[in-house]
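Trainee: Pasting a structure here, questions to come.
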Amino acid sequence: MSDYYSILGVSRDASLDEIKRAHRKLARKYHPDVAGPDAGDRFAEVQQAYEVLRDEEKRRLYDAGGEDALRGGGPGGGPAGAGFGDFADIFSTFFGGAAGGGMRGPVPRAKRGRDSQIALDIDLVDAVFGTTEEIPVQTAVLCSACEGTCCRPGTSPVTCTTCQGLGSVQRVTRSFLGNVMATSACPACKGHGTVIPEPCQECSGEGRVRSRRTITVEVPAGVGSGTQLRLQGQGEVGPAGGPAGDLFVEIREKPHPVFQRHGDDLLCTLTVPMTAAALGTVASVETLDGPRDIDITPGTQPGQRITLDGLGVGRLRRRGHRGDLHVDVEVIVPTKLDDTQRDLLTQLAVARDEERPEARLASAESSMFSRLRDRIVGR
Ligand SMILES: [Zn+2]
Ligand SMILES: [Zn+2]
């Protein structure tokens with residue numbers, strides 16, 4: 001349950017970069033803003049694992065046996081939750097001691113804001129050519145009354161009397177290693193070393209307020225459903241005026257009534273009357289790039305595919321490259337014939353010696369249906 005490596009889904013010899021990447025992905029996935037409050041436990045687990053594995057020293061200690069202790073191998077190994085607490089205390093003991101007997105200094109109030117995520121629905125034509133969208137976002141912004149100091153204007157924080165401004169207090173706790181001196185955050189000032197006697201009323205001492213604003217998103221050509229655009233510093237402003245997190249915009253492409261997208265290519269169907277398929281014609285087709293003439297050669301078969309090069313979707317971050325537009329021909333056979341038309345078709349059948357045609361089973365490779373099947377299965 002507490003294998004930090006499997007929580008992050010990385011191998012035991014993962015590099016710091018891999019750990020950071022895995023954490024970023026999971027933190028986004030389980031962020032309560034995105035995944036709902038039920039994901040909170042998972043999110044906390046991921047954060048806990050990351051806190052340890054990102055830090056070379058903590059990771060070394062963890063690799064050296066912390067895991068066994070956590071898994072209940074240690075004396076009196078209680079429920080995992082209790083083990084967790086002990087473990088955290090031992091860490092703080094090691095680190096308190098390792099830093100030459102000194103304690104951790106006060107923790108600044110300002111923290112980096114969280115990343116946010118929103119979805120953006122776009123039309124196919126905008127996915128092909130790119131667009132600029134204005135989207136409203138509800139986010140935390142700097143409190144203009146206190147400018148992130150959290151104090152009522154004209155007042156300032158005062159030194160905490162419980163910890164004398166150190167931000168931490170020492171206490172003795174029992175753990176599976178015996179009694180240890182643990183350093184923990186001062187409960188009076190939450191480790192900040194100062195307290196705010198008169199919090200700003202605008203933001204209740206948070207240093208930030210929620211606000212609705214409009215941001216401009218440049219959507220590059222070639223995006224598609226699932227593309228994530230990262231807007232640096234457009235997420236939430238952190239507590240006490242900490243730097244803003246990033247905003248991730250997830251693209252969702254709306255289905256198009258005519259064109260279907262397959263990667264960089266577009267597919268559509270062109271219906272042609274039976275006579276035009278037999279005699280040939282030129283069809284004007286409205287593509288996303290405007291009207292194009294398509295040559296229907298005499299004897300065009302149902303299911304025949306005509307490809308227009310370079311009229312598909314651009315590839316993300318590869319200027320100039322575009323996929324193709326595939327036009328599949330559907331031949332329409334008339335369902336109602338008047339007397340004249342029936343006569344004409346009968347004459348045609350006679351002329352072609354097809355009055356009593358021999359209907360045969362087509363070979364599996366050559367029939368239009370098998371070509372269509374291949375196309376569908378091949379995708
Ligand atoms: Zn304020
Ligand atoms: Zn304090």
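Where a number appears in this text, it was derived from the coordinates with a stated rule and is not lab data. Here the structure is a predicted model, which is why all the values come from computation and not from measurement. Note that we place each Cβ from the backbone using ideal geometry, even for glycine, and neighbour counts take in every protein chain shown.
Trainee: Extending each Cα 7 Å along its Cβ direction at ARG318 and ALA64, get the distance between those two points in nm, one decimal.
Mentor: Between ARG318 and ALA64, the label points sit 4.9 nm apart.
Trainee: Among all the lysines, which ones have a C-alpha under 19 Å from LYS20's C-alpha, if same-chain residues fewer than 8 places away are not counted?
Mentor: LYS29, LYS58, LYS111
Trainee: Kindly point out, ordered by number, any Cys in the chain whose beta-carbon has no other cysteine beta-carbon under 4.7 Å away.
Mentor: CYS150, CYS151, CYS268
Trainee: Can you pull the one-decimal nm distance between simple spin-label points at ALA39 and GLU250, each 7 Å off the Cα toward Cβ?
Mentor: 0.7 nm
Trainee: How do HIS192, HIS262 rank when sorted from fewest to most other Cβ atoms within 10 Å of their own Cβ?
Mentor: Listing HIS192, HIS262 from fewest to most nearby Cβ atoms yields HIS262, HIS192.
Trainee: May I ask you to list the GluC sites (Glu not before Pro) in the stretch 99-197 that are in a DSSP loop and have at most 15 other Cβ atoms within 10 Å of their Cβ?
Mentor: Qualifying residues, ordered by number: GLU147.
Trainee: Which cross-chain or sequence-distant (5 or more) residues have an amide H under 5 Å from the amide H of CYS143, H modelled 1.01 Å from N in plane?
Mentor: The answer is GLY148, ARG208, VAL209.
Trainee: Shifting gears a bit: Specify the inter-centroid distance of the stretch 223-301 and the stretch 309-379, based on alpha-carbon positions, in whole Å.
Mentor: 24 Å
Trainee: Mind sorting ILE296, ILE118, ILE332 by how few other Cβ atoms lie within 10 Å of their own Cβ, fewest first?
Mentor: Fewest-to-most Cβ neighbours within 10 Å comes out as ILE332, ILE118, ILE296.
Trainee: To the nearest 0.05, what FRET efficiency results for LEU16 and MET368 with a Förster distance of 51 Å applied to their C-beta separation?
Mentor: Approximately 0.35, to the nearest 0.05.
Trainee: Next question, about the same structure. Sequence-distant or interchain residues sharing an amide H contact under 5 Å with ALA182, placed H: which?
Mentor: ARG171, VAL172, THR173
Trainee: Please list, by residue number, every one of the GluC sites (Glu not before Pro) in the stretch 272-359 that is coil in DSSP and has at most 13 other beta-carbon atoms within 10 Å.
Mentor: GLU354, GLU355, GLU358
Trainee: What is the order of VAL258, VAL327, VAL285, fewest Cβ neighbours within 10 Å to most?
Mentor: The most exposed by this proxy come first: VAL258, VAL285, VAL327.
Trainee: With r as the distance between the Cβ atoms of GLN48 and THR214 and R0 = 35 Å, compute the FRET efficiency 1/(1 + (r/R0)^6) and round to 0.05.
Mentor: The value I calculate is 0.45.
Trainee: Hey, another quick one. Does anything in the stretch 322-348 have its amide N under 18 Å from the 7 Å Cα→Cβ label point of CYS268, and if so which residues?
Mentor: 322-332
Trainee: While we're looking at this one, here's another question. Quick one: P(r) of the chain from all Cα-Cα pairs, 20 Å bins, percents rounded to integers, in order of increasing distance.
Mentor: All Cα pairs, binned at 20 Å, distribute as 18, 36, 23, 15, 7, 1 percent.
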